[in-house]
Amino acid sequence: MNGDVQDGLLVVRCQLGEREAFRELVGAWHGPLCRYLRGMVGSPHLADDLAQEVWIAVVRGLPRLRQPERFAPWLFTIARRTVTDQLRQMYRAPETSMDVVGDVVADDELSGVLTTMQIEAGLSGVPPLEREALILFHLQDLPLVACAEVLAVPPGTVKSRLHRARRMLRNTLVERGYEA
């Protein structure tokens, strides 16, 4: 079954008040949501807090979701707003700092492969707009059109941001000693 259709059915079941359906929806989307949030804010602890805020907003907004099959873009749009609000608060209070993802030494078996933590560390060197496009497209596997919907920009803008983000990520990783 197509993921959008399956998500749509879960959303409709949630809208009908079926609690188990919401557990299934959270089970399917909590991991991708947390990866997106972690990539945007850099801190696993802050990402967990923001994920809770997002799920609260989902519970509140789910009854009004008119296109259940569009759940993924809707979820990431809520997550994006939550991140934006958090970043605004952080910029207003400069004494608050985000945790920095540390460098990881790869095992001999993994010496030619970048670990998730190394990629996340490299993402911190990419500006937020480009980082967000990269995370949504490559790490969350959202199609280009869905990324454009979440980011509220045309698909061509997403393509431009992806191109810049890939180049910046490559440069950041090379600067940190990883081969291109």
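Tabulated data for the structure shown
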{"quantity": "Trypsin sites (Lys or Arg not before Pro) within the stretch 31-94: DSSP coil, no more than 16 neighbouring Cβ in 10 Å", "calculated": "66"}
{"quantity": "With DNA, RNA and ligands ignored, accessible area of residue 85 (1.4 Å probe; Å², nearest 10)", "calculated": "80 Å²"}
{"quantity": "Part-to-part distance (alpha-carbon centres) for the stretch 145-180 and the stretch 39-65, which is given in Å", "calculated": "23 Å"}
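The values are calculated or read from the model by the stated rules, or taken from the named source; none is laboratory data. Note that the structure is a prediction, hence the values are computed from the model and not measured. Quick reminder, even Gly has a Cβ in these numbers, built from the backbone with ideal geometry, and neighbours come from all protein chains shown. Surface accessibility is based on the protein's heavy atoms, side chains included, excluding ligands, DNA and RNA. Shrake-Rupley method; radii C 1.70, N 1.55, O 1.52, S 1.80 Å.
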